[in-house]
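Undergrad: For reference, the structure I am asking about is given below.
The values are calculated or read from the model by the stated rules, or taken from the named source; none is laboratory data. Predicted model only: the values in this text are computed from it and were never measured. Cβ: placed from backbone, ideal geometry, glycine included. Neighbour counts: every protein chain shown. SASA here: full protein model, heavy atoms, side chains in, ligands and nucleic acids out. Shrake-Rupley method; radii C 1.70, N 1.55, O 1.52, S 1.80 Å.
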Amino acid sequence: MSQVIVDDLSTLVEVLIGDGYRVIGPTRSGSAIQLAELTDAGQLPAGWGVETGPGHYRLRRRTDNAVFAHSAGPQSWKTYLHPSRRKLWSTDRNGTFEPAAEETPRYALLGVRGCDLAAIGKLRDVLGGGSHPDGSFQARYQSLFVVAVNCTEPGEVCFCASMGTGPTAGAGADLTLTEMPDHFLVSAGTAGGRELLARIGHRDATTAETDAATAALDTAAQRMGRAMPEVDLRALLAGSRESSHWADVAERCLTCGNCTMVCPTCFCTTTEDVTDLTGDHAERWQRWSSCFELDFSYVHGGSVRGSGASRYRQWITHKLGTWHDQFGGSGCVGCGRCIAWCPVGIDLTEEAGRLAESGHG
Ligand code: SF4
Ligand code: SF4
């Protein structure tokens with residue numbers, strides 16, 4: 001569809017709220033850009049960018065008022081589609097059993113970058129697909145309205161271009177924006193997006209405006225802070241099982257699991273049963289889990305992956321290798337969150353590069 005110009009996002013947010021959506025978007029909160037519910041486009045982080053690096057994330061003031069000129073923050077949209085904690089059921093001593101009444105809000109996600117749009121697609125395949133789809137995820141996913149953003153400001157830890165997920169957002173969004181200095185270039189990807197766009201003020205884009213946006217995206221693709229090595233990562237990881245490199249990573253890795261918590265595609269959970277102090281009431285909760293937890297691989301008698309080396313190897317092998325076998329593509333979208341939020345600055349592009357250099361695979 002042709003692209004149009006929208007001057008600001010206030011009407012878009014108003015119309016989405018009027019249609020019953022809870023609009024989630026980036027806001028400045030404390031010392032990070034955090035996702036939160038918006039009641040007004042004025043809550044978007046105008047004039048704030050970020051500076052990132054391995055184990056490093058800082059807000060920085062920009063000289064303009066761009067609202068989407070910041071790379072990925074600590075949270076991902078996973079938080080809304082696959083909550084970190086949710087009650088599954090409860091029971092009482094008298095034998096009553098209650099499945100948890102679950103809220104399934106209609107979310108409009110505003111500002112989803114290409115990498116994160118791809119990550120939502122991966123969660124859809126993993127949690128919403130297969131013979132036992134997760135009903136909670138499906139209900140949330142099916143009522144989504146997605147406003148994607150073509151990224152013109154990649155950060156130091158970004159490598160979506162080398163993973164084929166950005167900086168241009170792929171298919172799957174209802175609307176896609178490109179933020180330019182005084183306006184947004186907008187295109188609709190679905191009937192719902194077209195219908196919504198018809199209700200907000202816009203004008204046709206000129207050729208000069210679309211050309212400027214294309215040039216900005218081309219420049220962004222050249223400015224990625226990092227890249228994955230150009231090798232067959234699936235074969236590389238399959239051939240690296242016995243690499244001495246894992247011991248080297250284990251010297252640095254704290255097995256804290258931060259990388260899995262911030263990752264927009266990590267989906268693993270565990271369940272916990274809790275009782276009240278009287279023992280009359282019990283509940284089962286699901287919470288995010290991580291392959292870095294010792295209990296994650298616990299089978300009768302002990303953990304299968306007892307060492308940090310084996311747990312790091314499991315994580316990166318699944319992300320870059322065996323995910324292909326399970327789901328037909330990589331489990332990594334190149335958002336860079338695991339690099340920025342690793343307390344010791346372990347960088348999976350560098351680790352993959354070292355494996356490639358050592359001749360494994
Ligand atoms: S592995 Fe790291 S870079 Fe890849 S999607 Fe997960 S957090 Fe992003
Ligand atoms: S790689 Fe970094 S973030 Fe991940 S578990 Fe190890 S120390 Fe924690």
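Undergrad: Given a Förster distance of 22 Å, report the FRET efficiency between D276 and S84 from their Cβ-Cβ distance, rounded to the nearest 0.05. Intermediate results must be reported in sequence, preceding the final value.
TA: Working: r = 22 Å, r/R0 = 1.02.
Calculated transfer efficiency: 0.45.
Undergrad: Where the Cα atoms of the chain are projected onto their three principal axes, how long is each span, largest first, in whole Å?
TA: Taking the Cα atoms of the chain, the three principal extents are 67, 61, 39 Å.
Undergrad: Just the Cα atoms of the stretch 164-235, one point each, no solvent: what log10 I(q)/I(0) does Debye give at q = 0.11, 0.12, 0.18, 0.21 Å⁻¹?
TA: For the stretch 164-235 at q = 0.11, 0.12, 0.18, 0.21 Å⁻¹, log10 I(q)/I(0) is -0.39, -0.45, -0.83, -1.01.
Undergrad: Can you tell me the order of 258-264, 98-104, 236-242 when each peptide is scored by its average per-residue count of other Cβ atoms within 10 angstrom, highest first? Please list the in-between numbers first.
TA: On the way: 258-264: 22.4, 98-104: 10.9, 236-242: 17.0.
The most tightly packed comes first, giving 258-264, 236-242, 98-104.
Undergrad: Any chance you could check the Cα centroid distance between the stretch 153-193 and the stretch 1-73 for me, in angstrom?
TA: Centre-to-centre distance over Cα atoms comes out at 14 Å.
Undergrad: Another question, if that's okay. Could you work out the helix-only [θ] at 222 nm for the chain, with each DSSP H run of four or more residues adding -39,500 (n - 2.57) and the total divided by the number of residues, to the nearest 500 deg cm²/dmol? Can you show the working numbers first?
TA: Working: 14 runs with 110 residues, N = 361.
My calculation for the chain gives -8000 deg cm²/dmol from helical runs alone.
Undergrad: Do any GluC sites (Glu not before Pro) in the stretch 266-361 lie in a loop, going by DSSP, with at most 10 other beta-carbon atoms within 10 Å of their beta carbon, and if so which? Mind showing how you got there, number by number?
TA: Details: sites: E272, E283, E293, E350, E351, E357; in loops: E293.
When the GluC sites (Glu not before Pro) of the stretch 266-361 are filtered for loop state and at most 10 Cβ neighbours within 10 Å, nothing remains.
Undergrad: Does a label point 7 Å from the Cα of T63, set along Cα-to-beta-carbon, have any residues of the stretch 199-226 with amide nitrogen under 17 Å, and which are they?
TA: No residue passes the distance filter.
Undergrad: Quick one: which residues, 5 or more positions from R22 or on another chain, have an amide H under 5 Å from its amide H? H modelled 1.01 Å from N in the peptide plane, none for Pro or chain starts.
TA: Excluding prolines and chain starts, which carry no amide H, the hits are R106, Y107, A108.
Undergrad: Take the Cα coordinates of the stretch 33-84, assign each an equal point scatterer, and use the Debye formula without solvent to give log10 I(q)/I(0) at q = 0.20, 0.23, 0.26, 0.28 Å⁻¹.
TA: Here the Debye-derived log intensity ratios amount to -0.79, -0.96, -1.08, -1.13.
Undergrad: Go through 304-316, 214-226 and give me the packing order, highest mean Cβ count within 10 Å leading. Could the numbers behind the result be given before it?
TA: On the way: 304-316: 19.0, 214-226: 15.7.
So the order, starting with the most tightly packed, is 304-316, 214-226.
Undergrad: Before I look further, what does the stretch 59-128 give for accessible area per residue, probe 1.4 Å, in whole square angstrom?
TA: Numbers: 3120 Å² over 70 residues.
With the other protein chains kept in place, the stretch 59-128 gives 45 Å² per residue.
Undergrad: Now for a different question. What Cys residues in the chain are without a partner cysteine, judged by a Cβ distance under 4.7 Å?
TA: So, C151, C158, C253, C256, C268, C291, C332, C342.
Undergrad: Highest mean first, what order results for 166-179, 47-60 on Cβ atoms within 10 Å?
TA: On the way: 166-179: 22.9, 47-60: 17.4.
Peptide ranking by packing, descending: 166-179, 47-60.
Undergrad: Report, to the nearest whole %, how much of the accessible area of the chain belongs to carbon and sulfur atoms, 1.4 Å probe, protein only.
TA: Details: 7930 of 16380 Å².
Roughly 48 percent of what the probe reaches on the chain is carbon or sulfur.
Undergrad: Another question about this same structure. Please give the per residue accessible area of the stretch 165-275, computed with a probe of 1.4 Å over protein heavy atoms only, in Å². Present the calculation step by step, with values, prior to reporting the outcome.
TA: Details: 5610 Å² over 111 residues.
For the stretch 165-275, the solvent-accessible area averages 51 Å² per residue.
Undergrad: Quick one: if the Förster radius is 30 Å, what FRET efficiency do V344 and R284 give, using the C-beta to C-beta distance and rounding to 0.05? Working shown, then result.
TA: On the way: r = 35 Å, r/R0 = 1.16.
So the FRET efficiency works out to roughly 0.30.
Undergrad: Amide H to amide H under 5 Å from R113: which residues, 5+ apart in sequence or cross-chain, H placed 1.01 Å off N in plane?
TA: Result for R113 returns V149.
Undergrad: Taking H as built 1.01 Å from N, whose amide H comes closer than 5 Å to the amide H of V50, not counting residues under 5 places away?
TA: When sequence neighbours closer than 5 places are left aside, the close amide H contacts are R60, S71.
Undergrad: Let me ask something else about it. Once phi is turned into θ = phi - 60°, what whole-Hz ³J(HN,Hα) does the Karplus curve with 6.51, -1.76 and 1.60 give for every residue of the stretch 66-73, x standing for Gly and Pro?
TA: Using θ = phi - 60°, the values come out as 4, 9, 10, 8, 9, 7, 3, x Hz.
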